[in-house]
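Peer 1: Next up is a structure, given as C-alpha cells.
The values are calculated or read from the model by the stated rules, or taken from the named source; none is laboratory data. The model shown is predicted, which means the values in this text are computed figures rather than measured ones. No Cβ is skipped: glycine too gets one built from the backbone with ideal geometry, and neighbour counts run over all protein chains shown. Note: accessible area is taken over every heavy atom of the protein model, side chains too, but ligands, DNA and RNA are not part of it. Shrake-Rupley method; radii C 1.70, N 1.55, O 1.52, S 1.80 Å.
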Amino acid sequence: MRTLILGIDSGTQSTKALLLDVAKKRVVGTGSAPHCLLPGLPPGAKEQRPETWRVATTKAIKAAMKAARAKPAEVRAIGVSGQQHGFVPLDAQGQVIRPAKLWCDTSTAEECDAIMSALGGLEATIGALGNAVLPGFTASKILWLKRHEPRNFARLSTILLPHDYLNFWLTGRAVMEYGDASGTALLDVRTRRWCAKALEAIDPDLVSKLPPLHRSDEPAGTLQASTAKALGLNPGVLVSAGGGDNMMGAIGTGNTRPGVITASFGTSGTIYACAQNPVVDPRGEIAAFCDSTNRWLPLLCTMNVTVATEMVRNDFGMSHEAFEKAAAAAPAGSDGLLLLPYLEGERTPNVPSGTGVFFGVAPRTFSAPHFARAAIEGVTLGMNYGLRRLTELGVKPAQMRATGGGANSRLWRQVMADVFDAEVVTLKVGEGAAYGAALQAFWCWRLQRGEKVSIAEITDAFVALDRKGIAQPNKARVAHYRELQALQDELSRSLRGAFDTHRALVTVRKPVSSSRH
C-alpha cells in the first residue's frame with residue numbers, strides 16, 4: 001500500500017490539492033476548484049465567504065484522489081496552506097459570523113493608524129511587534145469590525161486565519177501556528193508571543209478570543225469523523241500545523257536554510273528568505289515574519305502581479321500564449337511605457353489608496369505588445385523595490401527560485417533575471433504552497449512516529465530544480481531596468497497625494513449592515 005500525503009493550498013482565486021507519493025517522491029494526483037470575491041463591495045474592500053473554501057477544498061481533494069486512484073487508507077497526513085492575514089470571525093458555537101476580510105482588503109487604513117497611534121507611532125510599533133501595522137494584516141480588520149459592525153463584534157468568540165479555519169473544519173480544534181500568526185500584527189515576532197499592548201489597542205478582552213499558539217512541527221490534530229465522511233477519507237488522519245501560503249511556499253521551493261530566496265508571482269507578489277534570527281526592518285517595509293519551520297521568514301509583498309497582467313490580457317482578448325508572444329514583440333523597456341501597478345492599492349511600498357498608472361502613453365506605445373510587456377515589467381519592478389530593501393537588511397540574492405503563474409512564462413523569467421540582476425530558476429513541482437503543505441505534513445508525520453529528521457533533509461530530497469527554466473541576467477538590460485526602476489520610484493513618491501485625493505472622490509459610502517452571513 002502506498003504512503004500518500006495530501007497538500008492543500010486555499011488561495012484567493014482557487015483551492016488546489018495534490019497527493020505526494022513519498023516512496024516515488026512525486027506528485028501522483030492533483031485537483032482544483034475556483035472561488036470568487038464577493039461582488040458589489042465599497043472601494044478597497046475584498047471579502048469571501050469561508051464556506052466556499054470548504055466546498056472548494058472538498059472538490060479539489062476528491063479530484064486529486066480520483067486522479068491518483070488513491071484509496072482512503074493510503075492517505076497518512078494532510079497539510080493546509082492558506083492565504084495569509086484574512087480575518088475569519090467565529091461565534092461561541094464555532095459558526096462564521098460574517099464574510100472574511102482578506103489580505104488584499106485596503107479599507108482599514110484608518111484602523112491601522114489608530115492602532116499604531118495607540119502603540120506610540122511607527123517606531124514604537126516596530127519595537128513592540130517587529131512589524132508595522134499595515135492594511136493587509138489582520139489586526140486592523142478586527143478593529144474595523146468593532147467600529148463598523150459592533151453587533152457582530154459582540155458575537156465574536158474566536159479569531160482564525162483562513163488556513164486555521166480549514167484546520168478547524170478538518171480537526172474540530174482551533175489553534176494557530178507561529179508563521180501565520182506573525183502576519184496578524186498581534187504577535188511579537190522576536191518572542192513568538194502575543195503583544196499585550198497591540199491587543200489592548202483593539203479591545204481589552206481580545207486575548208480571550210485568540211486560539212492557542214503552537215509550534216510548526218506539531219500537529220493541529222487529526223481528521224474528525226464528520227469531515228472525513230464528507231471528503232471520502234478515513235478519520236484519524238494526522239493534520240499538520242500548516243501555515244500561510246508564503247510559509248508553505250518556502251518549504252515547497254526548498255527555501256529551508258539561509259541563502260535561498262523565493263519569488264512568488266501569483267495574484268500578489270512575494271519575495272522571502274529563510275533566516276535563523278528575526279530580520280526587523282526599522283522602516284517597516286519588510287515584514288519580519290516567523291516561518292513554518294520554527295525559524296523566521298523576512299518577506300516583502302506587493303499586491304498586484306498577475307492581477308495586472310490578466311487585466312491587460314483580458315482587455316485585449318488574448319490567450320496566455322498570445323499575450324506572451326505580444327509582449328516579446330515589444331523591446332525591453334516597452335519604448336518608455338511604464339506601469340505603476342497599484343491597481344488594488346499597494347503594501348510595499350505602503351500605498352493603500354494607490355491606483356494603477358500607465359506612464360508614457362504615446363502613439364508609438366499605444367499597442368497590445370507595449371501594454372503587455374509594460375505590465376510584466378511594471379509588476380516586476382514593483383517587486384524589485386522591496387527586494388532592494390531586503391538586500392539592505394543583509395539578505396543577498398544569488399539565486400531566485402520563481403514560483404506562481406508568472407514563473408511559467410519564459411519571457412517573464414528573463415525579465416525577472418534582468419530586473420533582479422540574479423539567476424532565476426524554477427521548480428519541477430510548480431505548486432509551491434500545496435507542495436510545501438504536503439512536505440510539512442510529511443515532516444510532522446515522521447516526527448510523530450519518533451523519527452529524527454529536519455525539514456531541510458526532506459526538502460533536499462523532494463525539491464528539484466527544473467534546469468530548463470533557468471534565466472541569467474543580461475548586463476545591458478540590467479542597466480536599462482535600473483533606470484526604469486528609478487523612474488517608477490519617482491512616480492510612486494510624486495503621486496501619493498493624488499492617490500489620496502482620488503480615493504476620496506470615488507469612495508461610495510454604503511449603509512453599515514450586520515446581516516451578511
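Peer 1: If you scan the stretch 150-176, which residues turn out to be part of a helix (DSSP H, G or I) and closer than 26 Å to Thr191 by Cβ?
Peer 2: Kept after step one, since they are part of a helix (DSSP H, G or I), are these residues of the stretch 150-176: 150-155, 162-171.
Correct list: Pro162, His163, Asp164, Tyr165, Asn167, Phe168.
Peer 1: Search the stretch 424-466 for residues being open to solvent by 40 Å² or more (accessible area, probe 1.4 Å) and touching an Asp or Glu at 6+ places or on another chain (Cβ under 7 Å), and hand back the single one that is modelled with the lowest pLDDT.
Peer 2: Checking each candidate, the answer is Glu431.
Peer 1: What tally of residues in the stretch 255-272 results from selecting those that are assigned to a loop (DSSP other than H, G, I, E, B) and not basic (Lys, Arg)?
Peer 2: Filtering the stretch 255-272 for residues assigned to a loop (DSSP other than H, G, I, E, B) gives 255-260, 266-268.
From what's left, not basic (Lys, Arg): 255-256, 258-260, 266-268.
Final tally of qualifying residues: 8.
Peer 1: Got a number for residues in the stretch 39-62 being touching a Ser or Thr at 6+ places or on another chain (Cβ under 7 Å) and either open to solvent by 10 Å² or more (accessible area, probe 1.4 Å) or in contact (Cβ under 8 Å) with a residue 60 or more places away in the chain (or both)?
Peer 2: Of the residues in the stretch 39-62, the ones touching a Ser or Thr at 6+ places or on another chain (Cβ under 7 Å) are 42-45, 53, 56-57, 60.
Imposing the further condition that a residue be either open to solvent by 10 Å² or more (accessible area, probe 1.4 Å) or in contact (Cβ under 8 Å) with a residue 60 or more places away in the chain (or both) reduces the set to 42-45, 53, 57.
Qualifying residue count, the stretch 39-62: 6.
Peer 1: Open to solvent by less than 10 Å² (accessible area, probe 1.4 Å) and under 27 Å from His35 (Cα atoms): does that describe Ala322? Lay out the reasoning, then the answer.
Peer 2: Values: open to solvent by less than 10 Å² (accessible area, probe 1.4 Å): no; under 27 Å from His35 (Cα atoms): yes.
It is false that Ala322 is open to solvent by less than 10 Å² (accessible area, probe 1.4 Å) and under 27 Å from His35 (Cα atoms).
Peer 1: Here is a check on your reading of the model: is Leu343 open to solvent by less than 10 Å² (accessible area, probe 1.4 Å) and free of Cβ contacts under 8 Å to residues at least 60 places away in the same chain?
Peer 2: On the way: open to solvent by less than 10 Å² (accessible area, probe 1.4 Å): no; free of Cβ contacts under 8 Å to residues at least 60 places away in the same chain: yes.
It is false that Leu343 is open to solvent by less than 10 Å² (accessible area, probe 1.4 Å) and free of Cβ contacts under 8 Å to residues at least 60 places away in the same chain.
Peer 1: OK, next. Looking at Thr403, Thr391, which one is of a type in the set (S, T, N, Q) and out of contact with any helix residue (DSSP H, G or I) (no Cβ under 9 Å at 6 or more places or on another chain)?
Peer 2: On the way: Thr403 fails: out of contact with any helix residue (DSSP H, G or I) (no Cβ under 9 Å at 6 or more places or on another chain).
Answer to the selection: Thr391.
Peer 1: Hey, any hits in the stretch 20-31 for a residue that's open to solvent by 30 Å² or more (accessible area, probe 1.4 Å), of a type in the set (Lys, Arg) and within 18 Å of the chain's Cα centre (by Cα)?
Peer 2: no
Peer 1: Additional query: For Asn277, state whether it is in contact with a helix residue (DSSP H, G or I) (Cβ under 9 Å, 6 or more places away or on another chain) and either among the polar types (S, T, N, Q) or at pLDDT below 95 (or both).
Peer 2: Details: in contact with a helix residue (DSSP H, G or I) (Cβ under 9 Å, 6 or more places away or on another chain): no; either among the polar types (S, T, N, Q) or at pLDDT below 95 (or both): yes.
The answer is no for Asn277.
Peer 1: Give the residue, chosen from Thr256, Thr262, Thr227, Thr293, that is open to solvent by 10 Å² or more (accessible area, probe 1.4 Å), among the polar types (S, T, N, Q) and in contact (Cβ under 8 Å) with a residue 40 or more places away in the chain.
Peer 2: Thr293
Peer 1: From the residues in the stretch 182-205 that are under 23 Å from Thr108 (Cα atoms) and either among the charged types (D, E, K, R) or assigned to a strand (DSSP E or B) (or both), which one is most open to solvent (accessible area, probe 1.4 Å)? Quick ask: steps written out before the conclusion?
Peer 2: Narrowing the stretch 182-205 to residues under 23 Å from Thr108 (Cα atoms): 182-189, 194-205.
Filter once more, keeping what is either among the charged types (D, E, K, R) or assigned to a strand (DSSP E or B) (or both): 187-188, 194, 197, 200, 203, 205.
On the way: Leu187: 2, Asp188: 29, Trp194: 54, Lys197: 139, Glu200: 120, Asp203: 22, Asp205: 78 Å².
Among those residues, the one meeting the criterion is Lys197.
Peer 1: What residue, among those in the stretch 404-419 that are closer than 15 Å to Leu300 by Cβ and open to solvent by 10 Å² or more (accessible area, probe 1.4 Å), is modelled with the highest pLDDT?
Peer 2: Narrowing the stretch 404-419 to residues closer than 15 Å to Leu300 by Cβ: 404, 416, 419.
Retained after the next criterion (residues that are open to solvent by 10 Å² or more (accessible area, probe 1.4 Å)): 404, 419.
Numbers: Gly404: 83, Val419: 97.
The residue in question is Val419.
Peer 1: Taking the stated definitions as given, is Gly179 under 17 Å from Gly82 (Cβ atoms), modelled with pLDDT under 95, crowded, with 20+ Cβ neighbours inside 10 Å and of a type in the set (Gly, Ala, Ser)?
Peer 2: Working: under 17 Å from Gly82 (Cβ atoms): yes; modelled with pLDDT under 95: no; crowded, with 20+ Cβ neighbours inside 10 Å: yes; of a type in the set (Gly, Ala, Ser): yes.
Here the answer is no, as Gly179 does not meet what is asked.
Peer 1: Any chance you could count how many residues in the stretch 476-492 are open to solvent by less than 70 Å² (accessible area, probe 1.4 Å) and within 30 Å of Pro352 (Cβ to Cβ)?
Peer 2: The total comes to 9.
Peer 1: Any idea how many residues of the stretch 358-394 are within 25 Å of Leu102 (Cα to Cα) and either touching an Asp or Glu at 6+ places or on another chain (Cβ under 7 Å) or open to solvent by 40 Å² or more (accessible area, probe 1.4 Å) (or both)?
Peer 2: Adding up the residues that qualify gives 2.
Peer 1: Spot the failing condition for Pro473; the list is (1) modelled with pLDDT under 95; (2) open to solvent by less than 50 Å² (accessible area, probe 1.4 Å); (3) part of a loop (DSSP other than H, G, I, E, B), and only one is missed.
Peer 2: For Pro473, the exception is condition (1).
Peer 1: Here is a follow-up. The conditions are (1) open to solvent by less than 50 Å² (accessible area, probe 1.4 Å); (2) over 18 Å from Ala174 (Cβ atoms), and Lys66 fails exactly one of them. Which is it?
Peer 2: That leaves (1) as the condition not met.
Peer 1: Same structure, new question: Quick one: count up the residues across the stretch 346-357 that are of a type outside the set (Gly, Ala, Ser) and surrounded by 23 or more Cβ atoms within 10 Å (Cβ to Cβ).
Peer 2: First, pick out the residues of the stretch 346-357 that are of a type outside the set (Gly, Ala, Ser): 346-352, 355, 357.
Imposing the further condition that a residue be surrounded by 23 or more Cβ atoms within 10 Å (Cβ to Cβ) reduces the set to 346-348, 352.
The total comes to 4.
Peer 1: Now for a separate question. Please verify whether Ser208 is under 25 Å from His35 (Cα atoms), at pLDDT 95 or above and open to solvent by 50 Å² or more (accessible area, probe 1.4 Å), treating the condition exactly as stated.
Peer 2: On the way: under 25 Å from His35 (Cα atoms): no; at pLDDT 95 or above: yes; open to solvent by 50 Å² or more (accessible area, probe 1.4 Å): yes.
No.
Peer 1: Does the stretch 338-354 contain at least one residue that is more than 30 Å from Ala109 (Cα to Cα) and within 26 Å of the chain's Cα centre (by Cα)? Break it down into steps so the answer makes sense when it comes.
Peer 2: Going through the stretch 338-354, the residues more than 30 Å from Ala109 (Cα to Cα) turn out to be none.
Within the stretch 338-354 (the criterion being more than 30 Å from Ala109 (Cα to Cα) and within 26 Å of the chain's Cα centre (by Cα)), the answer is no, since none of the residues qualifies.
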